[in-house]
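J.: The structure is given below, and queries will be raised subsequently.
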Amino acid sequence: MPVTALVSAKSCGVTASALALTLASKRPSLLAECDPAGGTLRAGFLNADATAGFGLYHLAAAQRTGPEALSNAFVNHLWPLDEAGHRKLLPGLTDPAQAAALERTWPRLSDVLHVLADQAGYDVFIDAGRLALNAGHLHAQLTPAPLLHQADLVLLVVRGNEQSLALARHVIEPLRTELRERGSGPDALGLLLIEDGPYRTHQVSDALKTPVLGALPWDTATAQYFTTGGRPPRGHARSPLLRHARTAAEQIEAAVSRRRIQQEYPARPANPQLAGVLQRLAEQRRGNRG
Ligand SMILES: Nc1ncnc2c1ncn2[C@@H]1O[C@H](COP(=O)(O)OP(=O)(O)OP(=O)(O)O)[C@@H](O)[C@H]1O
Ligand SMILES: [Mg+2]
């Protein structure tokens with residue numbers, strides 16, 4: 001299954017969209033909240049149930065011990081998003097000042113996410129926050145650059161209005177160049193359109209010279225619930241946002257499959273040091289059932 005990273009030029013729905021895709025996926029799924037500016041799901045959607053002792057920041061300390069420690073810690077810091085534990089969240093940073101400690105963790109975390117996707121069939125979504133550039137490249141501390149370089153797909157989230165497109169125009173070429181020079185290729189880049197505004201899919205594609213790989217409707221009630229938590233709105237499982245997210249997740253998977261066939265890109269080398277993550281996940285699943 002694919003590892004898909006979502007980014008924006010400026011807050012336009014990355015977190016709500018990533019959560020919608022994770023909840024709507026037909027497979028086991030994982031949302032890694034890796035926005036260096038700090039995560040919002042813990043205080044919002046999770047209603048502060050997950051304490052600060054839990055989440056992404058703690059992986060930095062584990063990574064300093066070694067890859068095995070990182071893969072063990074990773075499973076302990078996943079928060080279940082459903083009772084069966086099929087959907088999981090790695091809650092994000094509680095303080096943007098923590099981001100500097102993660103710089104060396106991103107490449108190893110990326111390896112773990114790819115093991116989950118390739119070997120355990122997880123649909124992995126990464127909330128990579130807003131793009132920050134430095135001398136034309138992704139900023140080393142203000143973006144989780146290695147996660148974007150290694151993702152199967154990088155989706156720039158845009159809204160269908162002039163303000164959003166105007167900002168996206170400035171970041172799209174540097175992002176494409178970054179993926180060409182340091183990532184898995186410029187064709188890893190696509191758009192996720194939030195249908196807020198007059199621009200339709202083909203217009204957005206033309207304006208940014210990049211394919212729109214999925215579209216999500218403007219659905220205030222569901223998005224609000226995803227961002228602030230509280231009581232779910234009635235029938236939210238059948239809400240427009242979740243229904244369209246299901247289609248978008250399928251389109252994303254199809255786009256990654258096409259890319260794999262076209263590029264014939266080599267399978268990632270197996271990393272035996274990370275095999276523990278699969279074992280720990282299986283144990284967790286057995287624990288959930290027992
Ligand atoms: N599909 C949608 N329909 C309606 N409102 C939406 C939708 N997606 C996001 N929103 C709203 O837009 C606002 C920003 O959403 P969100 O927090 O997901 O953006 P973000 O890109 O992650 O922002 P930040 O960069 O600040 O983390 C929230 O109020 C959210 O409810
Ligand atoms: Mg966000």
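Bear in mind these aren't lab numbers, they're just calculated from the coordinates by the rules spelled out. Just so it is clear, the model here is predicted, and its values are computed rather than measured. Note: ideal-geometry Cβ built from the backbone for every residue, glycine included; neighbour counts use all protein chains shown.
J.: Using Cα centres only, tell me the gap between region 18-48 and region 65-81 in whole Å.
T.: 17 Å
J.: Here is a follow-up. At 7 Å along Cα-to-Cβ for each site, give me the label-to-label distance between Arg27 and Thr177 in nm.
T.: Each label point lies 7 Å from its Cα, and together they span 3.4 nm.
J.: May I ask you to derive the FRET efficiency for Ala69 and Asn47 from their Cβ-Cβ distance with R0 = 45 Å, giving the value to the nearest 0.05? Don't skip to the end; give the middle numbers.
T.: On the way: r = 30 Å, r/R0 = 0.67.
Using R0 = 45 Å, I get an efficiency of 0.90.
J.: Work out Dmax and Rg for region 24-100 from the C-alpha atoms and quote the Rg first, both in angstrom.
T.: Rg, Dmax (Cα atoms, Å): 12.5, 36.
J.: Could you work out the longest stretch of the chain that avoids the GluC sites (Glu not before Pro) located in DSSP loops with at most 15 other Cβ atoms within 10 Å?
T.: Details: sites that count: Glu83, Glu103, Glu264.
My reading of the result: 104-263 is the longest stretch.
J.: Comparing Ala50, Ala20, Ala117, which has the greatest mean-square fluctuation in the GNM of the chain with Cα pairs linked when under 10 Å apart?
T.: Maximum among the listed residues: Ala50.
J.: With +1 assigned to the C-beta of every Lys and Arg and -1 to the C-beta of every Asp and Glu, and no other charges, what is the dipole magnitude of region 3-289 about the Cα centre in debye, to the nearest 20?
T.: Details: 30 positive and 26 negative charges, 90 e Å.
Charge dipole, region 3-289, about its Cα centre: 440 debye, nearest 20.
J.: What is the set of long-range amide H partners of Leu90 at a cut-off below 5 Å, with H atoms built 1.01 Å from backbone N?
T.: Leu31, Ala32, Glu33, Trp79
J.: Okay, moving on. Go ahead and run the numbers for FRET between Ala37 and Arg238, Cβ-Cβ distance against an R0 of 35 Å, rounding to 0.05.
T.: Values: r = 32 Å, r/R0 = 0.92.
For Ala37 and Arg238, the calculated efficiency is 0.60.
J.: Another question, if that's okay. In vacuum, with every alpha carbon of region 78-208 counted as one equal point scatterer, what does the Debye formula give for log10 I(q)/I(0) at q = 0.11, 0.14, 0.20, 0.22 Å⁻¹? Two decimals, please.
T.: Here log10 of I(q) over I(0) equals -0.46, -0.74, -1.26, -1.35.
J.: Calculated FRET efficiency, Lys10 and His86, Cβ-Cβ r, R0 45 Å, to nearest 0.05?
T.: Working: r = 32 Å, r/R0 = 0.72.
Plugging the Cβ-Cβ distance into 1/(1 + (r/R0)^6) gives 0.90.
J.: Would you mind calculating the gained length between Gln279 and Arg231 on full extension (0.36 nm times residue separation, minus the Cα-Cα distance), in nm to one decimal? Mind dumping the intermediate values first?
T.: Details: separation 48, 0.36 × 48 = 17.28 nm, distance 3.47 nm.
Working it through step by step, the gained length comes to 13.8 nm.
J.: Just subtract the alpha-carbon distance of Thr201 and Gln262 from 0.36 nm times their residue separation and send over the number in nm, one decimal.
T.: Value of the extension gain: 19.6 nm.
J.: Could you check what % of the DSSP bridge pairs in region 3-289 are antiparallel, to the nearest 5? Present the calculation step by step, with values, prior to reporting the outcome.
T.: Numbers: 4 of 34 bridges.
Approximately 10 percent, going by the DSSP bridge assignments.
J.: Next question, about the same structure. Please provide three numbers in whole Å: the alpha-carbon extents of region 3-289 along the principal axes, with the largest listed first.
T.: The Cα atoms of region 3-289 stretch 48, 47, 38 Å along the principal axes, largest first.
J.: Counting only helical runs of four or more DSSP H residues, what would the 222 nm mean residue ellipticity of the chain come to if each run contributes -39,500 (n - 2.57) and the total is spread over all its residues? Display every interim value, and only then the final one.
T.: Working: 10 runs with 128 residues, N = 290.
Helix contribution divided over all residues of the chain: -14000 deg cm²/dmol.
J.: For the residue pair Gln141 and Arg104, what label-to-label distance in nm results when each label sits 7 Å from Cα along the Cα-to-beta-carbon direction?
T.: Once both label points are built, they end up 1.6 nm from each other.
J.: If amide hydrogens are placed 1.01 Å from N in the peptide plane, which non-local residues have theirs closer than 5 Å to the one on Ser25?
T.: none
J.: Distances longer than 24 Å among the Cα atoms of region 39-144: what percent of all pairs is that?
T.: Details: 1317 of 5565 pairs.
Result: 24 percent of Cα pairs exceed 24 Å.
J.: Please list the three semi-axes, largest first and in whole Å, of the ellipsoid equivalent to region 139-248, using sqrt of 5 times the eigenvalues of its alpha carbon gyration tensor. Working shown, then result.
T.: Numbers: eigenvalues 147, 59, 33 Å².
With the √(5λ) rule applied to region 139-248, the semi-axes are 27, 17, 13 Å.
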